[in-house]
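S.K.: Can you keep this structure in mind? I'll have questions shortly.
The values are calculated or read from the model by the stated rules, or taken from the named source; none is laboratory data. Everything numeric here is computed off the predicted structure, so don't read it as measured data. Quick reminder, even Gly has a Cβ in these numbers, built from the backbone with ideal geometry, and neighbours come from all protein chains shown.
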Amino acid sequence: MITHSPTRATCPGSAGAGSPLRVRYRVHNTGGEDLAVFDRGNRHAVLTKRQQAGEVGEPGFHEDGDGGLVLSHVARPLPRPAPTLPPTPLAARLAPGQALEGDFSFSPLVGDQPRRLRWCLGVAPFNETQFRSPEQAGGVEVWQASFDLAESQQTLCTPWFEVAAGAFATE
């Protein structure tokens, strides 16, 4: 079993208009096998110095069509056409019984603040045939992942964070 829990989230509106969303989280591997946690961005961002190796990457985002914004750290498929330097997904390896803590900030784009936000995280069983080039970075074992994992990963999402209330919705 995999559990994840946001440990703290503050949003624009609760910390002042235009303030970034700040999220701290913990992922705990309660299962019996190693997991890949896709919160470490991509190799292209590291090579171009937009991100330090081992740090949590910038989240992807999309609107849900109902005033909500979904942030995500997931393995993404290889873009078509494939770029010369592809954005190879990076994953932290998480052993059974271990926890991984992370944090990131996100500044919403111009325009109205979203009414609600949620964060989603991609995880997958760690199978060494789908990973390569491990590095120790920032106390975390980070691996380059196969683009195929974009199709088979499990996506875990937080409840919606209601901006006006400054709290997570109870579903």
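S.K.: Cβ-Cβ under 7 Å, sequence separation 6+ or interchain: first residue in the stretch 146-171 and touching a residue at least 24 places away in the same chain (Cβ under 8 Å) and closer than 11 Å to residue 120 by Cβ, partner part of a loop (DSSP other than H, G, I, E, B) and not β-branched (Val, Ile, Thr). Which pairs?
M.R.: That search, which allows pairs on different chains as well, returns 153/38; 153/75.
Residue-by-condition table, conditions (1) over 19 Å from the mean Cα position of the chain (by Cα); (2) among the aromatic types (Phe, Trp, Tyr):
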residue	(1), (2)
76	no, no
82	yes, no
93	no, no
96	yes, no
104	no, yes
115	yes, no
122	no, no
129	yes, no
133	yes, no
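S.K.: May I pose another question? Look at the stretch 138-162 and say how many of its residues are within 17 Å of the chain's Cα centre (by Cα) and over 15 Å from residue 86 (Cβ atoms).
M.R.: First, pick out the residues of the stretch 138-162 that are within 17 Å of the chain's Cα centre (by Cα): 138, 140-147, 149-161.
Okay, now just the ones that are also over 15 Å from residue 86 (Cβ atoms), so 138, 140-143, 151-161.
Residues flagged as within 17 Å of the chain's Cα centre (by Cα) and over 15 Å from residue 86 (Cβ atoms) within the stretch 138-162 amount to 16.
S.K.: Looking at (1) modelled with pLDDT under 90; (2) surrounded by fewer than 18 Cβ atoms within 10 Å (Cβ to Cβ); (3) farther than 17 Å from residue 25 by Cα, can you tell me which one residue 152 breaks?
M.R.: (1)
Here's the yes/no breakdown for (1) small (Gly, Ala, Ser); (2) modelled with pLDDT of 95 or more:
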| site | (1), (2) |
| --- | --- |
| 90 | no, yes |
| 97 | yes, yes |
| 100 | no, yes |
| 106 | no, no |
| 109 | no, no |
| 118 | no, no |
| 122 | yes, yes |
| 132 | no, yes |
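S.K.: Looking only at the stretch 117-171, which residues are in contact with a Lys or Arg (Cβ under 9 Å, 6 or more places away or on another chain) and within 11 Å of residue 93 (Cα to Cα)?
M.R.: Within the stretch 117-171, 126, 131, 134, 140, 141, 142, 143, 144, 145 meet the criteria.
S.K.: Any residue at all in the stretch 86-96 that's over 17 Å from residue 117 (Cβ atoms) and either touching a Cys at 6+ places or on another chain (Cβ under 8 Å) or hydroxyl-bearing (Ser, Thr, Tyr) (or both)? First the steps, then the outcome.
M.R.: Here is the first cut: in the stretch 86-96, the ones over 17 Å from residue 117 (Cβ atoms) are 86-96.
Restricting the remaining residues to those that are either touching a Cys at 6+ places or on another chain (Cβ under 8 Å) or hydroxyl-bearing (Ser, Thr, Tyr) (or both) gives 88.
Yes - at least one qualifying residue is present in the stretch 86-96.
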